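Here's the structure, in structure tokens; my notes come after.
The values are calculated or read from the model by the stated rules, or taken from the named source; none is laboratory data. From a predicted model like this one, the values you see are computed outputs, not experimental measurements. Please note: Cβ atoms are built from the backbone with ideal geometry, for glycine as well, and neighbour counts cover all protein chains shown.
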Amino acid sequence: MAILGFNLQKGELHFCMMDGTRADPRYVAHDRHRFDVDQPKPEMANFFKQTFNELIEAQRPQGLAYRLSMDGKKADQIAYLTFPFGILSLVAHERGLTADQTTIHTFTKKALAHPGDKFTACDARIADSPAAWPNAAKLAALAAWMSL
Amino acid sequence: MSAVAPLTFQPGEIVLNKYEIIRPLGSGQFGDVFHVVNRNLSRESALKLIRVANPVEHRAVVEAQAQSLCGHDHVVKVLTADVFDGAVLIEMEYLEGGSLADRLHQEFVPVIEIIGYLKQVLFALEHAHNRGIVHRDVKPGNIMLTGGIAKLSDFGTVIHPASGVRVTDLFYRPHASPEAFNNREFSAASDVFAAGMTLLRAVNNMTGWDAVLSNAAWPALVKEGKLANLMGYADHMPAKLKRIIKKAINPVVADRYPTATSLRQEARAASTCSTLDPLERQRMGLHL
């Protein structure tokens with residue numbers, strides 16, 4: 001089962017395609033799309049709608065997942081960290097896909113079956129993972145992994 | 001009933017007992033477009049009349065394309081297709097803003113708005129390319145506007161390179177990449193080339209495009225991918241945008257943006273305030 005996971009940070013949408021099972025996850029691909037945090041919200045919403053659709057068309061996942069950040073302190077931060085996942089949920093609905101939400105608290109040692117931290121778990125437990133990949137991409141992978 | 005469709009429709013005329021002609025919108029190599037009212041559905045539409053050798057086959061392809069491409073936010077919706085007196089009538093959604101070409105004829109369009117339109121159209125191109133379809137007619141006249149929204153129109157010249165399926169061998173030659181013009185090699189990269197030419201024309205606010213095409217040298221320049229040399233780059237164009245356009249219209253395929261997405265991402269970066277100096281922001285039409 002293939003799941004497309006997403007993670008947001010300021011100005012960057014990270015995604016990671018994962019396959020396999022929860023016990024035996026496998027990396028497929030990852031990348032990022034940059035976006036302007038200063039653009040008008042309607043334009044940003046359209047950017048995310050188009051980008052999510054484009055990625056889903058390209059990757060053809062059976063489901064979607066995202067890591068919801070709890071880091072936003074200001075209104076603008078909350079907007080670009082959370083609004084896009086409302087768009088993702090609507091896109092999922094239109095396409096008949098699930099969109100599972102996770103937070104940083106989801107990625108426990110027990111959930112990952114790994115004694116170390118979540119980022120080392122990605123390297124140790126995910127088959128075919130890259131030799132070096134950013135933590136932001138790993139968070140997208142973790143979101144997808146939890147939905148396998 | 002005549003064996004051949006009339007050359008044009010007149011305002012007030014009723015066609016197929018369904019469409020009331022309001023006014024002509026434009027005329028091109030492949031047909032005429034009219035603003036109409038669909039009386040059955042009480043909606044305003046754009047109606048394109050295309051005279052082709054095999055209208056039944058053409059209609060089938062149009063309907064297949066509509067099925068594949070429509071529903072995308074930045075593709076002009078095809079509503080219906082009919083065969084009429086040896087021609088095809090295609091009903092499309094009507095966008096009251098006209099085309100980008102129309103707007104360029106009427107006023108100076110700020111660079112930031114042009115980039116905004118192009119980014120939306122590049123989403124549409126990526127959508128088509130993901131379905132194996134190459135547009136082959138990307139130009140300001142086929143970018144339709146409504147408010148701040150741009151939609152790509154007129155898939156009449158599309159080709160499916162993998163199978164060779166197309167309804168015409170014609171394509172928009174002035175925007176053709178060298179490999180398309182010389183070898184009929186159409187790909188996502190050849191559409192990117194045309195998008196780059198479109199961006200250059202629009203940022204230059206080229207109302208004098210006819211003057212370029214009246215220069216006898218233009219086909220030879222297109223053959224080498226050097227028509228931009230005849231067009232030049234407007235003084236108000238930021239340096240970063242100029243570099244992006246040059247890469248989009250690079251005659252060498254390997255040195256060009258390979259996908260609509262890659263061009264769109266670079267165009268986004270070019271329009272971000274933080275990457276521009278105050279003069280460039282002013283040139284782009286951004287507030288200081």
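Starting from residues that are more than 14 Å from the chain's Cα centre (by Cα) and over 18 Å from residue A:101 (Cβ atoms), keep the ones in segment A:20-33 and report whichever is surrounded by the most Cβ atoms within 10 Å (Cβ to Cβ). Steps first, please.
Residues of segment A:20-33 more than 14 Å from the chain's Cα centre (by Cα): A:20-26.
With over 18 Å from residue A:101 (Cβ atoms) added as a condition, the list becomes A:20-21, A:23-26.
Values: A:20: 18, A:21: 10, A:23: 8, A:24: 11, A:25: 24, A:26: 16.
My answer is A:25.
Of these, B:69, B:47, which one is under 14 Å from residue B:96 (Cα atoms), crowded, with 21+ Cβ neighbours inside 10 Å and among the hydrophobic types (A, V, I, L, M, F, W, C)? Don't jump to the end; show me each part of the working.
Details: B:69 fails: under 14 Å from residue B:96 (Cα atoms).
After ruling out the rest, the residue left standing is B:47.
What do you reckon, is residue A:22 within 14 Å of chain B (Cβ to nearest Cβ) and in contact (Cβ under 8 Å) with a residue 40 or more places away in the chain? Walk me through how you get there before you give the answer.
Values: within 14 Å of chain B (Cβ to nearest Cβ): no; in contact (Cβ under 8 Å) with a residue 40 or more places away in the chain: yes.
The answer is no for residue A:22.
Might you let me know whether segment B:230-237 holds any residue that is touching a helix residue (DSSP H, G or I) at 6+ places or on another chain (Cβ under 8 Å), of a type in the set (Phe, Trp, Tyr) and without any contact (Cβ under 8 Å) to a residue 60 or more places away in the chain?
If we filter segment B:230-237 for residues that are touching a helix residue (DSSP H, G or I) at 6+ places or on another chain (Cβ under 8 Å), which is where we start, we get B:230-231, B:233-234, B:236-237.
Imposing the further condition that a residue be of a type in the set (Phe, Trp, Tyr) reduces the set to B:233.
Filter again for without any contact (Cβ under 8 Å) to a residue 60 or more places away in the chain, leaving B:233.
Scanning segment B:230-237, I find at least one residue that is touching a helix residue (DSSP H, G or I) at 6+ places or on another chain (Cβ under 8 Å), of a type in the set (Phe, Trp, Tyr) and without any contact (Cβ under 8 Å) to a residue 60 or more places away in the chain, so the answer is yes.
Of these, A:64, A:55, A:13, which one is away from every other protein chain (no Cβ under 14 Å) and within 16 Å of residue A:87 (Cβ to Cβ)?
A:64
What are the residues in segment A:67-81 that are surrounded by fewer than 16 Cβ atoms within 10 Å (Cβ to Cβ) and either within 14 Å of chain B (Cβ to nearest Cβ) or in contact (Cβ under 8 Å) with a residue 40 or more places away in the chain (or both), if any?
A:77 - this is the single residue of segment A:67-81 that is surrounded by fewer than 16 Cβ atoms within 10 Å (Cβ to Cβ) and either within 14 Å of chain B (Cβ to nearest Cβ) or in contact (Cβ under 8 Å) with a residue 40 or more places away in the chain (or both).
If only one of B:124, B:150 is in the same structural domain as residue B:191 (by TED's automatic domain parsing), buried (at least 19 other Cβ atoms within 10 Å of the Cβ) and outside any helix (DSSP H, G or I), which one is it? If you could, list the steps in order and put the result at the bottom.
On the way: B:124 fails: outside any helix (DSSP H, G or I).
It is B:150.
Restricting the search to segment B:203-217, which residues are part of a loop (DSSP other than H, G, I, E, B) and at pLDDT below 85? First the steps, then the outcome.
To start, the set of residues in segment B:203-217 that are part of a loop (DSSP other than H, G, I, E, B) comprises B:204-208, B:214-217.
Within segment B:203-217, B:206, B:207, B:208 meet the criteria.
The conditions are (1) surrounded by fewer than 19 Cβ atoms within 10 Å (Cβ to Cβ); (2) away from chain A (no Cβ under 14 Å); (3) over 23 Å from residue B:168 (Cα atoms); (4) touching a residue at least 24 places away in the same chain (Cβ under 8 Å), and residue B:86 fails exactly one of them. Which is it?
(3)
Being in a helix (DSSP H, G or I) and touching a residue at least 24 places away in the same chain (Cβ under 8 Å), is that true of even one residue in segment B:153-174?
At the first step, the residues of segment B:153-174 found to be in a helix (DSSP H, G or I) are B:173-174.
Narrowing the set further to residues that are touching a residue at least 24 places away in the same chain (Cβ under 8 Å) leaves B:173-174.
Scanning segment B:153-174, I find at least one residue that is in a helix (DSSP H, G or I) and touching a residue at least 24 places away in the same chain (Cβ under 8 Å), so the answer is yes.
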